Every structure is written in C-alpha cells, then in structure tokens.
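Trainee: Dropping a structure here in structure tokens format, bear with me for questions.
All of the numbers you see were taken from the coordinates with simple rules; none came from a lab. Just so it is clear, the model here is predicted, and its values are computed rather than measured. Positions of Cβ are generated from backbone atoms using ideal geometry, with glycine treated the same way; all protein chains shown enter the neighbour counts.
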Amino acid sequence: MSFDTSTLYLFATMVAGMLGAMLLLFGKQENIPALKWWGTAYLLGASSVAIWTIGGATLGEPLLLALHALGFVACGMVWNASRVFHGRKPNLPGLFLGATAWVGTVLALPSLNPAMRLIIGAAIVAIYAGLTASELWSERRRTMQKRWPTLVVPVMHGCVLALPILLGSLLRPHDESFTSSIWVTAFSIELILYAIGTVFVIFMLVSDRAVTVHKTAASVDPLSGMLNRRGFSEACNRVIEREAAAGRPVTVMIFDIDHFKSINDRFGHPAGDEILKLFSTVVISNLRISDLSGRIGGEEFAALLACPLEEGVIVAERVREAFEASNIVCEEGPVDTTVSIGVAGGPAGTELEVLLAAADTALYQAKRTGRNRVEAAEELPLSLEKWRRKTAGRAASARQAPAAT
C-alpha cells in the first residue's frame, strides 16, 4: 500500500492550520500570550508547507528558499512559545537563527543535492524540538508521572526528524530518490501526529496552570496576600510532618492587632484594611523565608516556625517591636499599631490544633495583662475539647459585653 507524499503533507498542513486557529482564538479569549505564539507558529508553518507542496518547483528557487526559512521561523516560535509560557522573555535571535543558518548554507553551497538539504533541514527542526522539550520539562508544577508527555512528545519528534539524518548521511548519502522514499512518507505522517500531540501537551499544561491558580486563590487571603486559614492549616500540617520525621520541634504564634475595632470605628474600614496590609508586611519581613504565616480571621494572624519555643518568643518580640514602631498618623490623628502575641511550642510531631490551642491561651493572657506584649504558653492543653468550650465561652462573653453597655 503506497501513500502520496504530497497528499499527506497537505493533510498535515490542514490539521496544523485548524489547530493553530484554535490555539490563536483560545489564546485571545483567555489572554494567554503563549497560546498566541503557538497558534501563530502553527498557522505560519502550515501556510509555508502548503504553498511549497502545491507550488512545488514552479515557485522558483528564491521563493522556495523563503518558504523553507518561514517554516524554520515557525519552529523557533514553538520554542519561544514554551519560553513565554514559563514567564521567560522570547529569544528573538534564536527565533531567526535556524532560518538564517538554512538560507546561509543553501546560498553558500548551491550544489547541495535534495537529500542533503532534507538532512540539514531535519537537523534544524530537531534542534528546535529539543529546545522545546527542554523548556517544557522545566514546568515543575506536575509530578514526574504526570509531566512525562511534555518531554516525550517533542523528544520523539526530534528522534523522527533525526532519522533522515542517519539514513541519508550514513546509508544513502548520494541517492537522489531518498527524498521520495518510504522514510519521507513516514516523516510526513509523523508531522500529523506531532501536531496533534503537541496541542494535547499544550492544553494539558494550560489546564494544569489553571488548576494551580484556582488552588492558590482558594488558599490565599486576597487582602493581605497571605495564606488563609485553610491554606495555613494545610501547609502547617505538611511542615509538622516533615519536622517530626527529623525529630525537630516547631513553634506556633498567634497575633491579634490591639483595639482593631476602634481603629475601624475611628478611621473607617479602608484605614483598617491598610493596617491589616501593614501588619502582614511586618510579619513576612521579620520571618524567615521557610517560615509559614497566614491570616486566620479578622485581625488575627498566625505563624509556624521550625524552631524551639525560646527562638519563637524572640521572633515574636521582634514582630511586636516592628509593628509598634510603625507610627502611622492620618488626618484624624495617630493610629495605634500594637499587637498582642501568644506563642506555643511542642515536641516533634505535636498536632497543629494542640499548638494553636496553647498559643490562643497565651494570647488571651497577653491581652488580659495589658496588650502589646508577647506571652509564651506554659504548657500544652490536656484536652482540645475543653479548650474549644473555653474559647466558645470567651467569645460568648465578648458578644454579651457590648450589649450590656
């Protein structure tokens, strides 16, 4: 059974063109620059191959040379699209390097036979495929098991492109019929599979990126930019497990901005929001990059440090002093920027809820003894249920106090 190579090339360009239009349209709708690069590359490459296949030798040597160069630019755009997808700048010299090398080689060696031209062209595209695989492999958001297609598809394409190099240069270097052999037919079929496979990889990466963004949004407090209660809890549990495996203790601290309700009442909620943003900046600035922090409610923040209790108290005192030194003054007058902090530590493997319970008790003690101070928990709670009931009782008393006044 024989295949007409021209028909296969035309079918490949039709598939690539439709996929390119789809990528370009989706990239514009979702405002994803990388998809625009990929879509344009597909359309550019499909157009150049289609014109070359239909026109053939009637186009003339200069136009054929330009069409081939355009195809190599499309390959460079695919590589640059993978760079843009990962937040890197396009490599414009590299974008045109393949086309420049091709044109320079053909002009410098006009006597090259078609087989050698095919070999050189395949080598250029194989290099771009390798560069694309390298960029896609740098996507670290997936596990090894889920990321393998991002490497396998471009690498397989590069291997198929390297096949005519091996066969043409080693086995049949001077055979003029090589360009119309079964290997070239196989190459044209592979182009179709590569076009479809690459789009699959692209949408897999885009989908994964979207899932990651949504997960991050669900775990981050939009006002402060810190982890919210859910995100903080999940991250802390992972750190506690890691430190427990190494036998290291952890320390938790809870921050409560003093008189925050009065700040909202006197200066308005926008001013209160600015205080919350300021405090989140103070916390992050005074913690190590490996420490965790989050906003767990209203004016309450928390942090987890992989260190003994004594070191945690020192860090908490540093945060307290930095926030107090903020000295914010607005038109209505000076704004109180003080915070009460409860700190609790425990041996390796202590559960987060136990540490938070102890830190909350210490925080309550700090507020009861004057605020703007750091208190360390003397011991961990024996029963979380008793702590929950005590916390609920304090909250009920706090709600009743304003009503009584």
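Trainee: Convert each backbone phi in segment 341-349 into a coupling constant with the Karplus relation 6.51 cos²θ - 1.76 cosθ + 1.60 (shift: θ = phi - 60°), then list the ³J(HN,Hα) values in order as whole Hz, x for Gly and Pro.
Mentor: 3J(HN,Hα) across segment 341-349, in whole Hz: 9, x, 10, 9, x, x, x, 4, x.
Trainee: From zero up to wherever the largest Cα-Cα distance of segment 233-404 sits, split into 5 Å bins and tell me the percent of pairs in each.
Mentor: P(r) over segment 233-404, rounded to whole percents: 1, 9, 17, 21, 20, 15, 10, 5, 2, 1, 0.
Trainee: In segment 271-342, what GluC sites (Glu not before Pro) fall in a loop by DSSP, with at most 10 other Cβ atoms inside 10 Å?
Mentor: In loop regions of segment 271-342 (DSSP not H, G, I, E or B), the sparsely surrounded GluC sites (Glu not before Pro) are E331, E332.
Trainee: Continuing with the same structure: Order by neighbour count: T7, T350, fewest other Cβ atoms within 10 Å first, most last.
Mentor: T7, T350
Trainee: Shifting gears a bit: Find how much the distance from S111 to T7 grows on full extension, using 0.36 nm per residue of separation minus their present alpha carbon separation; answer in nm with one decimal.
Mentor: Working it through step by step, the gained length comes to 34.6 nm.
Trainee: Something else now. Would you mind checking which residues have amide H under 5 Å from L292's amide H? H placed 1.01 Å from N; only 5 or more apart, or other chain.
Mentor: Amide H neighbours of L292, under 5 Å, 5+ apart: L304.
Trainee: Here's another thing I want to ask about it. Amide H to amide H, which residues 5 or more places from G346 or on other chains are under 5 Å from it, using H placed in the peptide plane?
Mentor: V250
Trainee: Show the residues, 5+ positions off or on another chain, whose built amide H is closer than 5 Å to the amide H of V335.
Mentor: So V335 has HN proximity to I328, V329, C330.
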